[in-house]
Every structure is written in structure tokens, then in C-alpha cells.
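Here's the structure, in C-alpha cells; my notes come after.
The values are calculated or read from the model by the stated rules, or taken from the named source; none is laboratory data. Keep in mind it's a predicted model, so treat the numbers as computed, not measured. For neighbour counting, all protein chains shown are included, and Cβ atoms are generated from backbone atoms with ideal geometry for every residue, glycine included. These accessible areas exclude ligands, DNA and RNA; they are computed on the full protein's heavy atoms, side chains included. Shrake-Rupley method; radii C 1.70, N 1.55, O 1.52, S 1.80 Å.
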Amino acid sequence: GISVLTAGADLQGTARATVTGADAGHAGRAELYAHPESGLLLGAAAVGPNAPDWMGEVTVAIRAGLPLATLADTVHAFPTWSEALEPAIRDLTSQLP
């Protein structure tokens, strides 16, 4: 029963999808959920290749209570599926009051 901010990103937009030849629209998707007042990540959902591996940073961020501003400053290895998190995190950060 709380308000959340939501942002998502398709994996198709990553260089990794291009390198692996993932079919358009079928590479996967990540969605992130944040608390609007605290700016903390509350949850996430992901579907895609090796999703448990590249969502590890999200679980650490939630558990450690890292603010979205810190996550937005994270540099991801290239090319990886986790780079799909970057636009979603930027989108959430832009939605904060």
C-alpha cells in the first residue's frame, strides 16, 4: 500500500543484445521500483539471459539502502546485459521530487 516510482528498460537496447544477435523484442526487460520520498530502490524484476547474474547489483543496492543517485553513478562493464539498468536508474532519478 505505498506509492512507488517505476522505470524499465528493454535489453534490446544494449550492445550485448547486438553482439549476441538477440531477436528484436525478445532479449528481455528489467523494471525497477523506488520509493519517491527516500530515493531508495525497493524492488526489481528482470527477464532475460542470465538475469540472476546481472541483477546482483540491484539486490545489493536494496539490501544496503543505496540511494538512486549512487546507483546512477555506477559504471557497468561493456558489453553486458546489466547496462540496461543505467537508463532505468536515470529515469527513476529524474522522477524524484
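Each peptide in 72-78, 28-34 was scored by the mean count of other Cβ atoms within 10 Å over its residues; highest first, the order is 28-34, 72-78. Note on the chain: with charges restricted to the Cβ of Lys and Arg (+1) and Asp and Glu (-1), its dipole about the Cα centre is near 80 debye.
Can you figure out the FRET efficiency of residue 64 with residue 38, using R₀ = 22 Å and their beta-carbon distance, to the nearest 0.05? Result of the calculation: an efficiency of 0.95. 3J(HN,Hα) along the range 28-37: x, 7, 10, 10, 10, 10, 10, 7, x, 7 Hz, from the Karplus curve 6.51 cos²θ - 1.76 cosθ + 1.60 with θ = phi - 60°, whole Hz, x for Gly and Pro. Extent along the principal axes, Cα only, for the range 1-57: 39, 20, 17 Å, with the longest axis given first.
The calculated P(r) of the chain, using every Cα pair and 5 Å bins from 0, goes 2, 15, 26, 25, 16, 10, 4, 1, 0 in percent.
From largest accessible area down, sort 14, 20; use a 1.4 Å probe on the protein chains.
Working: 14 5, 20 75 Å².
Heavy-atom accessible area, descending, gives 20, 14.
In the chain, helices alone account for a calculated mean residue ellipticity at 222 nm of -9000 deg cm²/dmol, with every DSSP H run of four or more residues adding -39,500 (n - 2.57).
Take every Cα pair under 8 Å whose residues are at least 6 apart in sequence, average their separation, divide by the length of the chain, and the relative contact order is 34 percent. Per-residue 3J(HN,Hα) values for the range 77-88, derived from phi via the Karplus relation 6.51 cos²θ - 1.76 cosθ + 1.60 with θ = phi - 60°, read 4, 10, x, 9, 5, 5, 5, 5, 5, 4, x, 5 Hz in sequence order (x marks Gly and Pro).
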